[in-house]
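First the structure, in the form of structure tokens, and then the observations on it.
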Amino acid sequence: MEKRFDVAALGELLIDFTESGLSPQGNPLLEANPGGAPCNVLAMLKKLGKSCAFIGKVGEDRFGYELKDVVSEAGICTDGLLFDKNARTTLAFVKTAPNGDRSFSFYRNPGADMMLTEEELPMDIITNCRVFHFGTLSMTHPGVREATKKAVSAAKEAGALISFDPNLRPMLWDDAEVMKEQVLYGLSVCDILKIADNEIEFLTGSQENEGIEQLKKLAPHCKIMNVTYGAKGSLNAGPEGTVFVPAVSLGGTIETTGAGDTFCACIINYVLEHGTDLTWDQRTKMLKYANAAAYIVTTKKGAIRSMPDPAEVEAIL
């Protein structure tokens, strides 16, 4: 049965305020970049020619309406985007280190993205996608957590592949054990996984082979398992061994916001086009493309509006 969308994603849609120099008076200037991991993933998938839909909530405020316009401008279906009258759009303030790494401060207590309920889920979208993507920011609080799990179950039952990126932000969780429980849930249901090296260490105590072997046991149904190592590169762990591809190192990195989401989108796109039973050569090509696209995003500010065109990626390759 043909699906209406290639990919549907549920989660946060927010404004990333990133540093942009100083004013003449010496005050820090901040650039309001539209972002949020699930929608960043969809924005890159749209660049790759896939049909996408976003599910989530923003505040009925200036930022919320601006975000809807940006998502529509990117060609992503907003039928599943709701406005909350009582909670404001979530804001993230991004502090960038000299090497491009980031730290976050969130204005989200509550944020509108936390207020999505089971009753508000657009089941017509959830059951009509080939891949359903989610992370853990939509699982930090009980109501939206249950909505997320209901959406995952419905998508899986309708035949969708489940894509999961933990995208951990520990400062948003009241209890580290609850955070770990939700990551373990995501691992238990996913077919496609993108996870960062520090997240593997959080779960298993190791980033090395031992940690990856433990990860395989925690994600028994995962068909495409990818680990990102920042500026070092990325790895695909398959039944016949691991493939590692070094990162693109051409300089010019400004900040890393959206790089992991870009990588994740390219992996999903490759699976949509080639399936999950990949050869060694295909796994290598998949990682090379994803690494190149992720690198390009690090040379720009923001995420949704910074996703590269396929021609840019091919030029890097």
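The values are calculated or read from the model by the stated rules, or taken from the named source; none is laboratory data. These numbers were taken from a predicted model, which means no experiment stands behind them. All Cβ positions, even for glycine, are placed from backbone atoms using ideal geometry, and neighbour counts span all protein chains on display.
Structure data summary
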item: Selection count where residues are in contact (Cβ under 8 Å) with a residue 40 or more places away in the chain and either of a type in the set (S, T, N, Q) or touching a strand residue (DSSP E or B) at 6+ places or on another chain (Cβ under 7 Å) (or both), scope the stretch 172-194; result: 6
item: Those strands (runs of 3 or more DSSP E) lying entirely in the stretch 219-317 with at least 1 residues over 18 Å from residue 134 (Cβ atoms) and more than 15 Å from the chain's Cα centre (by Cα); result: 233-238, 241-246
item: Verdict on residue 256 being closer than 19 Å to residue 45 by Cα, of a type in the set (Ser, Thr, Tyr) and surrounded by fewer than 23 Cβ atoms within 10 Å (Cβ to Cβ); result: yes
item: Positions within the stretch 137-151 being crowded, with 24+ Cβ neighbours inside 10 Å and among the β-branched types (Val, Ile, Thr), in sequence order; result: 144, 148
item: Residue check for residue 240: among the acidic types (Asp, Glu) and modelled with pLDDT under 95; result: yes
item: Residue 248 being closer than 26 Å to residue 71 by Cβ and not basic (Lys, Arg); result: no
item: Residues within the stretch 5-43 that are free of Cβ contacts under 8 Å to residues at least 40 places away in the same chain and either among the charged types (D, E, K, R) or in a loop (DSSP other than H, G, I, E, B) (or both), tallied; result: 5
item: The stretch 96-128: number of residues that are over 20 Å from residue 61 (Cβ atoms), among the aliphatic types (A, V, I, L, M), outside any helix (DSSP H, G or I) and modelled with pLDDT of 95 or more; result: 1
item: Counted residues, the stretch 260-294 - those being among the hydroxyl-bearing types (Ser, Thr, Tyr) and either buried (at least 24 other Cβ atoms within 10 Å of the Cβ) or touching a helix residue (DSSP H, G or I) at 6+ places or on another chain (Cβ under 6 Å) (or both); result: 3
item: Residues of the stretch 75-131 satisfying the condition of being loosely packed, with under 15 Cβ neighbours inside 10 Å, in contact with a strand residue (DSSP E or B) (Cβ under 7 Å, 6 or more places away or on another chain) and of a type in the set (Ser, Thr, Tyr); result: 103, 105, 107
item: In the stretch 24-58, the residues that are small (Gly, Ala, Ser) and surrounded by fewer than 24 Cβ atoms within 10 Å (Cβ to Cβ); result: 26, 32, 49, 51
item: Options 68, 57, 50, 46: the member that is at pLDDT 95 or above and assigned to a strand (DSSP E or B); result: 57
item: Among the residues listed as 164, 134, the single one being at pLDDT 95 or above, touching a Cys at 6+ places or on another chain (Cβ under 8 Å) and surrounded by 19 or more Cβ atoms within 10 Å (Cβ to Cβ); result: 164
item: Residues being among the charged types (D, E, K, R) and within 27 Å of residue 111 (Cα to Cα) - total across the stretch 157-204; result: 9
item: All positions within the stretch 135-164 that are in contact with a helix residue (DSSP H, G or I) (Cβ under 6 Å, 6 or more places away or on another chain) and under 21 Å from residue 91 (Cβ atoms); result: 135, 136, 138, 139, 140, 141, 144
item: Options 131, 144: the member that is within 25 Å of residue 13 (Cα to Cα) and assigned to a helix (DSSP H, G or I); result: 144
item: Contacts under 7 angstrom Cβ, first residue in the stretch 57-82 being free of Cβ contacts under 8 Å to residues at least 12 places away in the same chain, partner surrounded by fewer than 22 Cβ atoms within 10 Å (Cβ to Cβ), 6 or more apart; result: 72/78
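Yes/no per residue for (1) of a type outside the set (S, T, N, Q); (2) farther than 23 Å from residue 123 by Cβ:
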position: 147; (1), (2): yes, no
position: 160; (1), (2): yes, no
position: 182; (1), (2): no, no
position: 186; (1), (2): yes, no
position: 218; (1), (2): yes, yes
